[in-house]
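**Q** My structure is below; once you've seen it, I'll send some questions.
The values are calculated or read from the model by the stated rules, or taken from the named source; none is laboratory data. Only a predicted model underlies this, so the values are computations on that prediction, with no experimental measurement involved. As a convention, Cβ positions derive from the backbone with ideal geometry for all residues, glycine included, and neighbour counts pool all protein chains shown. To get the accessible areas, we keep the full protein, side chains included, count just its heavy atoms, and leave off ligands, DNA and RNA. Shrake-Rupley method; radii C 1.70, N 1.55, O 1.52, S 1.80 Å.
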Amino acid sequence: MKLTRLSFLSMLLVSAPDILVAQKPEDAPYKNPKLPGEQRVEDLLRRMTPREKAEMLSGSGWMESQPNARLGIPTIRMADGPMGVRNWRGSSAITNAAATSPVLTTAFPAGIGMGASWDEELVRREGQVVAQEVKALGRNMILGPTVNISRQPLWGRNFEGYGEDPYLAARMGVAYIKGVQGENVIPSVKHFAANNQEFERHRIDETIDVRTLHEIYFPAFRAAVQEAGVWSVMNAYNKVNGLWCAENPMLLSETLQKRWGFKGFVISDWGSTYSTAKTVAAGMHLEMPGGEAMRTWFAKPETQKDGNGAGWLTREKVLAAVAAGQLKQEAVDDAARRILRVMFSAGLFDATPASGGEVDTPEQRAVARRAATESIVLLKNEGGALPLGAPKIRSVAVIGPSAAVARTGGGGSSLVRPKYAVTALDGVKETAGSEVRVGYALGVAMQGDEAGQETPRARVMLRNEAVELARKSDAAIVVVGYSYKLESEGFDRPSMDLPAGQDELIEAVAAANKNTIVVIVAGAPVTMTKWIGRVPAVVQAWYGGQEAGHAIGDILFGAQNPSGKLPVTFPKQWPDSPAFGRYPGENLHTAYAEGIYVGYRGFDKRNVEPLFPFGYGLSYTKFDYSGLKITPAKVAAGKQVQVTMQVRNSGSRAGAEIVQLYVHDVKSSVDRPLKELKGFRRVMLNPGEARSVSFTLDHSALSFYSTAKDEWVAEPGAFEVWIGASSRDIRLKGAFELAQ
Ligand code: BGC
């Protein structure tokens, strides 16, 4: 065929990207929702100029990505989470304090409390409800879940994550992400990787061996990528093995992308970038914050004093790095491609911007209340001290700095503002019923609160007043703990001890009333040695969100049966923690020398008795375990093992039991933890009811990370299955063999 001049020109038109750019895009394939996402992404990318692509790599505001009017690329509108939707109009320091334009949303329990529920379906529901509120507020991305491991009890953000065990954290993280993405809202699992202390979080360099990364600090992120198909991952502030997480190829390109097959984008934590070419080349795709908001914030002396880095992925800097040959255009294309891919997956190009839905509906409140109830862990209950109620108990003294103040969450970017919050005092009044008289005394002011500044004399008077009330009452409930000002993102707790005056208050009240119940509102273990032997009952309530007060009242008065179990070991004292002596490090360096022996793995290894073990929690009823069956007795490599057992409610109340499965490798070529959690089930049972519970164990449940082979390895030989009501209350044991 002979080419006319015109047809030759039109061929050029079709193939030349810059001509495509000039075309009007209304009918372009990327606008067509019926086409496969990848096709739309590639079509759109082809139409973008290098300038437009480079522009996508940094935000346009505090919580917004760059829109593109010419091509109709919308903005990703973010909001902080994960325990609800937080105001997005500035840093957490500003928005938590700003009364001028509060965004009022449902406040869920802290992540550690959700972890204590061991309830995947509940966490999925939470993610779903949070995502619905995100949309209702006209946003489309929520910055959560937090799946960092509780390595040590002083970390200021322990409350945000799901505790010390990688398997439990993975299950909870996956559930949350599925709930969020099911609503077409973009989650961001954070902070990758090993954000386990706030002390010098921008500068600390953590030395962590490869096996420990894969076995302890990676699994929840890996599950987020491989099981939940998470759309976005947020990098951590700290350095891992010498490199900042935002420019760490081992973490980002090698692990996330190549090993795990991550297809979404990596977003920087706010102010965690320190280079242009290195960052983009390593696989960090969207720098936040951006634009004017970033410049104003970064100009503040305290921003830089803290060690924040920002403004490295601006369009100008990215273009300059490419022009100078420091950065490949493909890396920029890849970043833009990944951001666009997620935007298409979440329907951002197709849906009319969602907004106007409802926030804090009765349904959403019900999820928050159920979550608060399931999160509570009954730690001690002697002599039937709990549940309270008539006829034995006709008057209660509710005492303490967290009794009449609702402490819904810890501090920092996760602290949401609810429309209302139920205090423990109100919850107790509601549930106690008219037959029980409820009195209140502060006892001691919360350190750091306004009222905490009284004289020593005033402090004695406050305590005496509480003691007097306790003496006149049939039971005393002392609600103690931390506040968002004392347990927060940005700094660690100075010790594991309760804030000033609280131990003394408990001791004084316990001396006045033998029915003293301690309720702890805190995101991590506290030292209890001074008084644990003097009180009959202790309840761990974490930060329970807006419905915490109802949940506390329901549990204390028996309207609900406690079912939570600890997602973290409670040491007797801080020096018992495996990380003690290695935190916070020296000269901005910390070695994770305890390696894989984090949490119960470390307590087992060194044979240290915890105060309360991982997986522990009491109920008002009793559960019997029986009938363990493991098939086959000898399993071929790569095949699954089926485990079944029966659990029976042998008490007189309905209740939920969390049955835990631990694997013990009898003989291994490498040192392995005594036991590792590889399965759990939450089972609701009526009195007398029995249920069969089953688990499937696959290769991953038997493996360790072999540094020699650089992969997960399950070695042939004998394995044991330990079924327990906690990590230290193993009720059934069985064995099987993994064949060669
Ligand atoms: C926190 C993140 C948070 C971000 C945005 C950072 O300081 O570490 O978890 O999502 O701020 O507020």
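**Q** Which members of the range 299-332 meet the condition of being open to solvent by less than 80 Å² (accessible area, probe 1.4 Å) and part of a helix (DSSP H, G or I)?
**A** Thr303, Arg315, Val318, Leu319, Ala320, Ala321, Val322, Gln329, Ala331, Val332
**Q** Restricted to the range 141-168, and to residues that are open to solvent by less than 10 Å² (accessible area, probe 1.4 Å) and either part of a helix (DSSP H, G or I) or at pLDDT below 95 (or both), which residue is nearest to Phe218 (Cα to Cα)?
**A** Applying the filter and picking the extreme gives Pro166.
**Q** Being farther than 17 Å from Phe557 by Cβ and free of Cβ contacts under 8 Å to residues at least 60 places away in the same chain narrows it down to one of Ala366, Ala390, so name that one. Step through it out loud before you land on a result.
**A** Values: Ala390 fails: farther than 17 Å from Phe557 by Cβ.
Matching residue, one of Ala366, Ala390: Ala366.
**Q** Considering every residue within the range 352-365, establish whether at least one is out of contact with any helix residue (DSSP H, G or I) (no Cβ under 6 Å at 6 or more places or on another chain), at positive phi, in a loop (DSSP other than H, G, I, E, B) and among the charged types (D, E, K, R).
**A** yes
**Q** Between Val598, Val659, which is touching a Pro at 6+ places or on another chain (Cβ under 9 Å), under 24 Å from His699 (Cα atoms) and buried (at least 21 other Cβ atoms within 10 Å of the Cβ)?
**A** Sole residue among the options that is touching a Pro at 6+ places or on another chain (Cβ under 9 Å), under 24 Å from His699 (Cα atoms) and buried (at least 21 other Cβ atoms within 10 Å of the Cβ): Val598.
**Q** Please state which of the following conditions Pro36 fails to meet, knowing it meets all the rest: (1) touching a residue at least 12 places away in the same chain (Cβ under 8 Å); (2) open to solvent by 50 Å² or more (accessible area, probe 1.4 Å).
**A** Condition not satisfied by Pro36: (1).
**Q** Could you check the range 262-284 and list, in sequence order, the residues that are under 17 Å from Ala320 (Cα atoms) and either hydrophobic (A, V, I, L, M, F, W, C) or surrounded by fewer than 24 Cβ atoms within 10 Å (Cβ to Cβ) (or both)?
**A** Tyr274, Ser275, Ala277, Lys278, Val280, Ala281
**Q** Only one residue in Ser414, Ser395 is more than 16 Å from the ligand (Cβ to nearest atom) and either buried (at least 23 other Cβ atoms within 10 Å of the Cβ) or small (Gly, Ala, Ser) (or both). Which one?
**A** Ser395
**Q** Collect the residues in the range 56-72 that are out of contact with any Ser or Thr (no Cβ under 6 Å at 6 or more places or on another chain), surrounded by fewer than 24 Cβ atoms within 10 Å (Cβ to Cβ) and touching a residue at least 12 places away in the same chain (Cβ under 8 Å), keeping them in residue-number order.
**A** Residues satisfying the conditions are Ser60, Gly61, Trp62, Asn68, Arg70, Leu71, Gly72.
**Q** Right, something else. Could you please give the count of residues in the range 274-284 that are outside any helix (DSSP H, G or I), away from the ligand (no atom under 16 Å from the Cβ) and among the hydroxyl-bearing types (Ser, Thr, Tyr)?
**A** Going residue by residue through the range 274-284, those that are outside any helix (DSSP H, G or I) are 274-276, 283-284.
Narrowing further to those that are away from the ligand (no atom under 16 Å from the Cβ): 275-276, 283.
Those still in the list that are among the hydroxyl-bearing types (Ser, Thr, Tyr) too: 275-276.
Within the range 274-284, residues that are outside any helix (DSSP H, G or I), away from the ligand (no atom under 16 Å from the Cβ) and among the hydroxyl-bearing types (Ser, Thr, Tyr) number 2.
**Q** Out of curiosity, is Val147 more than 16 Å from the chain's Cα centre (by Cα), within 14 Å of the ligand (Cβ to nearest atom) and either hydrophobic (A, V, I, L, M, F, W, C) or closer than 19 Å to Tyr616 by Cβ (or both)?
**A** So Val147 does not fit the description; no.
**Q** Yes or no: Ala228 outside any loop (DSSP other than H, G, I, E, B) and more than 15 Å from the ligand (Cβ to nearest atom)?
**A** Against the criterion (outside any loop (DSSP other than H, G, I, E, B) and more than 15 Å from the ligand (Cβ to nearest atom)), Ala228 does not qualify.
**Q** Now for a separate question. Of the conditions (1) touching a residue at least 60 places away in the same chain (Cβ under 8 Å); (2) surrounded by fewer than 23 Cβ atoms within 10 Å (Cβ to Cβ); (3) not acidic (Asp, Glu), Arg86 clears all except one; give me its number.
**A** Here Arg86 clears every test but (2).
**Q** Are any residues in the range 231-273 under 17 Å from Asn148 (Cα atoms), assigned to a helix (DSSP H, G or I) and more than 15 Å from the ligand (Cβ to nearest atom), and if so, which ones?
**A** Leu251, Leu252, Thr255, Leu256
**Q** List the number of the failed condition for Gln646; all other conditions in (1) more than 18 Å from Pro562 (Cβ to Cβ); (2) free of Cβ contacts under 8 Å to residues at least 40 places away in the same chain; (3) of a type in the set (S, T, N, Q) hold.
**A** So Gln646 meets the others, but not (2).
**Q** Would you mind telling me which numbered condition in (1) loosely packed, with under 14 Cβ neighbours inside 10 Å; (2) modelled with pLDDT of 95 or more; (3) basic (Lys, Arg) Arg463 fails?
**A** That leaves (1) as the condition not met.
**Q** Another one. Taking the conditions exactly as written (within 16 Å of the ligand (Cβ to nearest atom), in contact (Cβ under 8 Å) with a residue 60 or more places away in the chain and of a type outside the set (Gly, Ala, Ser)), does Ile177 satisfy them or not?
**A** For Ile177, the condition - within 16 Å of the ligand (Cβ to nearest atom), in contact (Cβ under 8 Å) with a residue 60 or more places away in the chain and of a type outside the set (Gly, Ala, Ser) - is not met.
**Q** If I filter the range 285-298 down to residues being away from the ligand (no atom under 15 Å from the Cβ) and free of Cβ contacts under 8 Å to residues at least 60 places away in the same chain, which single residue comes out as least open to solvent (accessible area, probe 1.4 Å)?
**A** Thr296
**Q** Which of the residues belonging to the range 105-140 are open to solvent by 10 Å² or more (accessible area, probe 1.4 Å) and either in contact with a strand residue (DSSP E or B) (Cβ under 6 Å, 6 or more places away or on another chain) or of a type in the set (S, T, N, Q) (or both)?
**A** Within the range 105-140, Asp119, Gln128, Gln132, Arg139, Asn140 qualify.
**Q** Please indicate, with yes or no, whether at least one residue in the range 40-48 is assigned to a helix (DSSP H, G or I) and within 15 Å of the ligand (Cβ to nearest atom). Don't jump to the end; show me each part of the working.
**A** Of the range 40-48, the ones assigned to a helix (DSSP H, G or I) are 40-47.
Cutting the leftovers down to within 15 Å of the ligand (Cβ to nearest atom) gives us none.
No, every residue in the range 40-48 fails to be assigned to a helix (DSSP H, G or I) and within 15 Å of the ligand (Cβ to nearest atom).
**Q** While we're on this one: Of all residues in the range 511-564, how many are crowded, with 22+ Cβ neighbours inside 10 Å, of a type in the set (Gly, Ala, Ser) and part of a helix (DSSP H, G or I)?
**A** 5
**Q** I've got another one for you. So which residues in the range 187-209 are assigned to a strand (DSSP E or B), within 13 Å of the ligand (Cβ to nearest atom) and either open to solvent by 10 Å² or more (accessible area, probe 1.4 Å) or charged (D, E, K, R) (or both), if there are any at all?
**A** Residue satisfying the conditions is Lys190 alone.
**Q** Follow-up. Scan the range 235-253 and give yes if some residue there is open to solvent by less than 20 Å² (accessible area, probe 1.4 Å) and under 23 Å from Pro567 (Cα atoms), otherwise no.
**A** yes
**Q** While we're on this one: Is one or more of the residues making up the range 338-349 open to solvent by 10 Å² or more (accessible area, probe 1.4 Å), more than 16 Å from the ligand (Cβ to nearest atom), in contact (Cβ under 8 Å) with a residue 12 or more places away in the chain and at positive phi?
**A** yes
**Q** Can I ask one more? What strands (runs of 3 or more DSSP E), lying completely within the range 665-724, carry at least 1 residues that are open to solvent by 50 Å² or more (accessible area, probe 1.4 Å) and within 25 Å of Val647 (Cα to Cα)?
**A** 676-685, 690-697
**Q** Let me ask another. List the pairs whose first member sits in the range 140-152 and is in contact (Cβ under 8 Å) with a residue 12 or more places away in the chain, whose second member is near the ligand (Cβ under 10 Å from one of its atoms) and among the basic types (Lys, Arg), and whose Cβ atoms are under 6 Å apart, counting only residues at least 6 apart or on separate chains?
**A** If the second residue must be near the ligand (Cβ under 10 Å from one of its atoms) and among the basic types (Lys, Arg), the pairs left are Thr146/Lys190.
**Q** Residue check, Pro102 against (1) open to solvent by 20 Å² or more (accessible area, probe 1.4 Å); (2) farther than 30 Å from Val332 by Cβ; (3) assigned to a helix (DSSP H, G or I); (4) not polar (S, T, N, Q), all met but one. Which one?
**A** Among (1) open to solvent by 20 Å² or more (accessible area, probe 1.4 Å); (2) farther than 30 Å from Val332 by Cβ; (3) assigned to a helix (DSSP H, G or I); (4) not polar (S, T, N, Q), the lone unmet condition for Pro102 is (3).
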